Amino acid sequence: MTRRKTKRAPVSTMSAPLYGGAVVLTLLVLGVGVREGAMTAKFWQQSLWSAVAFAVASAAVWFAAFATEPSALLRRMTSQQRQTLTYLATVSGLLFLFANYWLVAADAVQTKTLFPAGWLPLAGAVVLPILFAATAIQVNLLPAVAWDARRLTLREINVVLLLSIPALLLLPGGANGWREALHLQPEPNTLALASFAVSSEAVRWLAPVLATGIALFIGQTALHALRRPGAASMVFTAVIFYQATANFLFAQTSGAATLDAAAHFLALLAAIVLDVVYMIRIHAADDRRTLWYALTASVVMAAGTALILLPRTSSYPPVTVTAFVGVMAGSATLGLWCGWSGARFGRWMRVVNFPK
């Protein structure tokens, strides 16, 4: 008698999305810390709910799209049907961004809506795995190509758009500061745990660290999924476009001033450095040294720029020795892990097993 063989995804195939999910979950929790203040009662509450929403949505997406059973929904679809699905995901994601901005603006000017803005982080946590799954489906439909500086096709541009939406949802600042820009009193963080509370200055410096991690994760995912230097910059150029347009419209309608997009510009800077390194070493783009060169250069550039330029603004404290060490060490630790995981995640998107 022979033992019955069961279909299982290889460990290497499963580890990449697991690492990617762990990174996104970490970035979600850090984003809550930047938005609500670290180690407050509201931080713990929103972190828990965001983590649960993300985990449940990720499990549902995995079994619906990537389960190896032939009866899985995506495995019964033709390539053309999956392509249509990815386009619908892009349009739906952009509409979600529009609704997100509209609800945050309504909350900032204290206008009542049917869907309170306080639920937006949970909605974003549910949307994230759907967008990453749509990106993987789209990448899997692309032809096998070598690294080069070719022009992007429509399907590859769709990958850029799909990745730009979670990048914007994860980045700190932006629309989250619209209430303060109108000089309205923010909701108090009640029941702060004094024994573990993090100072407001430390929370301020967490934002550029978080932006660096997001830029390297999403940027490396884009680079290795599309195998095209310039892809990371395109993702965060789209992010800047979304945020700048939203800031302009909100400023015109509300009269708010000094709208924040510092984290978005830091992320774009880190993405540009990634692309430059990969363009220089395009002959060895898959080499491990190229990955570490790109990550190191991006961390140094993003963290250094944050420490030099952000203290010149009124919203950031001066650079102390503690702030300098914390930003550099935090950016290096988070950035290297996120970038390494993003590279694996992007490569996994090209090899995930879908029927052609």
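From Thr13, Thr113, Thr40, which residue is open to solvent by less than 60 Å² (accessible area, probe 1.4 Å), under 30 Å from Ala202 (Cβ atoms) and modelled with pLDDT under 85? Reasoning before the result, please.
Details: Thr13 fails: under 30 Å from Ala202 (Cβ atoms); Thr113 fails: under 30 Å from Ala202 (Cβ atoms).
That would be Thr40, the only listed residue that is open to solvent by less than 60 Å² (accessible area, probe 1.4 Å), under 30 Å from Ala202 (Cβ atoms) and modelled with pLDDT under 85.
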Confirm whether Arg288 is of a type in the set (D, E, K, R) and more than 24 Å from Val23 (Cα to Cα). no
Is there any pair with a first residue in the range 47-59 that is more than 16 Å from Val34 (Cα to Cα) and among the polar types (S, T, N, Q) and a second that is open to solvent by less than 30 Å² (accessible area, probe 1.4 Å) and assigned to a helix (DSSP H, G or I) whose Cβ atoms are under 7 Å apart and which are 6 or more apart or on different chains, and what are they? Ser58/Gly21; Ser58/Pro129
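Based on this model, can you work out whether Arg204 counts as in a loop (DSSP other than H, G, I, E, B), basic (Lys, Arg), modelled with pLDDT of 80 or more and on the phi < 0 side of the Ramachandran plot?
Answer is no for this residue.
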For the range 229-242, pairs from a residue that is assigned to a helix (DSSP H, G or I) to a residue that is open to solvent by 20 Å² or more (accessible area, probe 1.4 Å) and among the β-branched types (Val, Ile, Thr), with Cβ under 6 Å and 6 or more apart or across chains, are Ser233/Ile272
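In the set Leu94, Leu131, Leu152, which member is open to solvent by 30 Å² or more (accessible area, probe 1.4 Å) and either under 24 Å from Ser233 (Cβ atoms) or modelled with pLDDT of 90 or more (or both)?
Of the residues listed, the single one that is open to solvent by 30 Å² or more (accessible area, probe 1.4 Å) and either under 24 Å from Ser233 (Cβ atoms) or modelled with pLDDT of 90 or more (or both) is Leu94.
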The residue from Ala285, Ala271 that alone is over 23 Å from Leu170 (Cα atoms) and either hydroxyl-bearing (Ser, Thr, Tyr) or buried (at least 19 other Cβ atoms within 10 Å of the Cβ) (or both) is Ala285
Can you tell which of Pro318, Pro311 is over 26 Å from Pro229 (Cβ atoms), without any contact (Cβ under 8 Å) to a residue 12 or more places away in the chain and in a helix (DSSP H, G or I)? Pro311
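The values are calculated or read from the model by the stated rules, or taken from the named source; none is laboratory data. These figures come from a predicted structure and were not determined experimentally. Cβ: placed from backbone, ideal geometry, glycine included. Neighbour counts: every protein chain shown. The area values use the complete protein model at the heavy-atom level, side chains included, leaving out ligands, DNA and RNA. Shrake-Rupley method; radii C 1.70, N 1.55, O 1.52, S 1.80 Å.
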